[in-house]
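In what follows, a structure is listed as structure tokens, so that the remarks can point back to it.
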Amino acid sequence: SPKMRSRAAVVEHACRVLEAELATRVKSGAPPHAEVVLRQERTQSTIHKIRVTAGPEERGYYLKTLTTTPETTAQQRVEIETEYRVLRDVAKWLEGYPEFGAVVPVACFPEDLSLVTEEFPGLKLDHVLARVTAFQARPERMEVENLCRRVGLWLRLFQSVTACPDTRWDLDELFAYLEDRLRILVDAPHSGLALSTAAVLTNHAQRLARD
């Protein structure tokens, strides 16, 4: 199997790829320059936010590198390639729905368990929900309700593309993923999600799995 590069080498390689990618898209005359502006360690991956500039042009990207062990590397290479393919297919399919969008994959480095996606600019949903209170004016609350409804519609479209009806899921893996995502929300300063609420959500998911 191919040898994995160090994390630093993967980041450096991603920066060079993104510089070359931006050079083909803009004609500013200035050479593109990529730099890491944020690094986040998660339970199952490391995320680097990379900013690439070329004169007045600027693009944001995310590099995700999976955390691995010798026993899981081969399977994770399949997983990262699958994620890249699914993101590519979903982004292409959603072009027919102008009211929605999707994160666009830019590059995949299976040998390094790494994936690069474009930054999707905008306000995060958890930040919007954190501002919602029972004392807000009804128009503001209705706006948030409509936003949540649109999120539900997007998820339904996404699942219609990615559904695998005959697939058997590893519940332990799904719960680990759920706990990881909830921990990120709990740790985020403006998410509005308390640790006690996260525990309620986890317990509810476990009850649904038992039923």
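Taking LYS64 as meeting all but one of (1) part of a strand (DSSP E or B); (2) surrounded by fewer than 13 Cβ atoms within 10 Å (Cβ to Cβ); (3) among the charged types (D, E, K, R), write down the number of the exception.
All conditions are met except number (2).
Looking only at segment 163-194, count every residue that is surrounded by 11 or more Cβ atoms within 10 Å (Cβ to Cβ) and either free of Cβ contacts under 8 Å to residues at least 60 places away in the same chain or not in a loop (DSSP other than H, G, I, E, B) (or both) and tell me the total. Before you say what the answer is, go through the steps one by one.
Of the residues in segment 163-194, the ones surrounded by 11 or more Cβ atoms within 10 Å (Cβ to Cβ) are 171, 174-186, 188, 190-194.
Those still in the list that are either free of Cβ contacts under 8 Å to residues at least 60 places away in the same chain or not in a loop (DSSP other than H, G, I, E, B) (or both) too: 171, 174-186, 194.
Residues meeting the conditions: 15.
For segment 14-47, how many residues meet the condition of being in contact with a helix residue (DSSP H, G or I) (Cβ under 8 Å, 6 or more places away or on another chain) and under 25 Å from GLU71 (Cβ atoms)?
Going through segment 14-47, the residues in contact with a helix residue (DSSP H, G or I) (Cβ under 8 Å, 6 or more places away or on another chain) turn out to be 31-36, 42-44, 46.
Now narrow it down to the ones that are under 25 Å from GLU71 (Cβ atoms): 42-44, 46.
Within segment 14-47, residues that are in contact with a helix residue (DSSP H, G or I) (Cβ under 8 Å, 6 or more places away or on another chain) and under 25 Å from GLU71 (Cβ atoms) number 4.
Here's the yes/no breakdown for (1) touching a strand residue (DSSP E or B) at 6+ places or on another chain (Cβ under 6 Å); (2) open to solvent by less than 60 Å² (accessible area, probe 1.4 Å); (3) assigned to a helix (DSSP H, G or I); (4) without any contact (Cβ under 8 Å) to a residue 12 or more places away in the chain:
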residue: GLN76; (1), (2), (3), (4): yes, yes, yes, no
residue: VAL90; (1), (2), (3), (4): no, yes, yes, no
residue: PHE120; (1), (2), (3), (4): no, no, no, no
residue: HIS127; (1), (2), (3), (4): no, no, yes, no
residue: GLU140; (1), (2), (3), (4): no, no, yes, yes
residue: GLY152; (1), (2), (3), (4): no, yes, yes, yes
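Within the group ALA30, ALA8, which residue is part of a helix (DSSP H, G or I), of a type outside the set (Phe, Trp, Tyr), more than 22 Å from LEU182 (Cα to Cα) and free of Cβ contacts under 8 Å to residues at least 40 places away in the same chain? Show your work before the answer.
Numbers: ALA30 fails: part of a helix (DSSP H, G or I).
On inspection, the qualifying residue turns out to be ALA8.
The values are calculated or read from the model by the stated rules, or taken from the named source; none is laboratory data. The model shown is predicted, which means the values in this text are computed figures rather than measured ones. A quick note on method: Cβ atoms are made from the backbone with ideal geometry, for glycine too, and the neighbour counts reach across all protein chains shown. Areas reflect the complete protein model, heavy atoms only, side chains present, ligands, DNA and RNA absent. Shrake-Rupley method; radii C 1.70, N 1.55, O 1.52, S 1.80 Å.
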